[in-house]
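One structure is given below, encoded as structure tokens.
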Amino acid sequence: MNVIGYVNQALQFLSTQMSLINVELLIVALLFYADCKVVSTRAWTNILRHIYPDAKIKWKDICAISLASGAADAIIPVTGGTPLRMLLVKHKYKGIHYPTLVSSLVLEAIFGTICVIGLSIWLIFSGFVPNDLVSWSTISPTHLLNVLPNTPIMVLLVVGIGGLGYLAFRF
């Protein structure tokens, strides 16, 4: 099979799979993703403001730069927009150094990873993810629900992690 045959087969598969997508839920998911991107720019702005208190770092500049970086991520694989983000921030604000930008992005990534892991564990074991999507079927979700805290305590845990992250970015 030649390349055109593979492309044709992929497009046919994509068209059959696209008909299974609930458009309303897709729109809600895209709105949540856009909100997440904008909120994360606020966190990175606070991090940069605390590292460089004399610089007049504006949230709207960091937001625009981060959204441009997200667009570059869609084109360049494996977070190719991150170097663009650092380049644009360094170009916009003189006196900011690349090692500091890298360390601030690592701090943001660690906080984001902790929140995603906690939320993923809660979603998997609370029954929001169908059992056929969880590959480790030898472990019963009901068994692990007995081990894990119940839903209100898990929500408090996620909020507590978020609060610690807020305090870490604030002070």
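Numerical summary
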| quantity | calculated |
| --- | --- |
| Under Karplus coefficients 6.51, -1.76 and 1.60, residue-wise ³J(HN,Hα) of region 23-30 in Hz, glycine/proline x | 5, 4, 5, 5, 5, 4, 5, 5 |
| Shape of region 28-90, Cα gyration tensor, a/c cut at 1.5 | oblate |
| Lysine pairs meeting the criterion (Cα under 18 Å, 8 or more apart or interchain), as found in region 11-136 | 11 |
| Fraction of accessible area attributable to carbon and sulfur, region 27-69 (%, probe 1.4 Å) | 70 |
| Average accessible surface area per residue within region 8-87, 1.4 Å rolling probe, Å² | 69 |
| Förster-model FRET efficiency, 22 Å R0, residue 110 and residue 49, C-beta, rounded to 0.05 | 0.75 |
| Packing rank of 101-112, 2-13, 29-40, 81-92, where each peptide gets the mean count of other beta carbons within 10 Å, highest leading | 81-92, 101-112, 29-40, 2-13 |
| Residues of region 2-44 with amide N under 12 Å of the 7 Å Cα→Cβ point at residue 64 | none |
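The values are calculated or read from the model by the stated rules, or taken from the named source; none is laboratory data. Just so it is clear, the structure is predicted and the values come from calculations on it, not from any experiment. As a convention, Cβ positions derive from the backbone with ideal geometry for all residues, glycine included, and neighbour counts pool all protein chains shown. We work out accessible area using only protein heavy atoms, side chains counted, and drop any ligands, DNA or RNA first. Shrake-Rupley method; radii C 1.70, N 1.55, O 1.52, S 1.80 Å.
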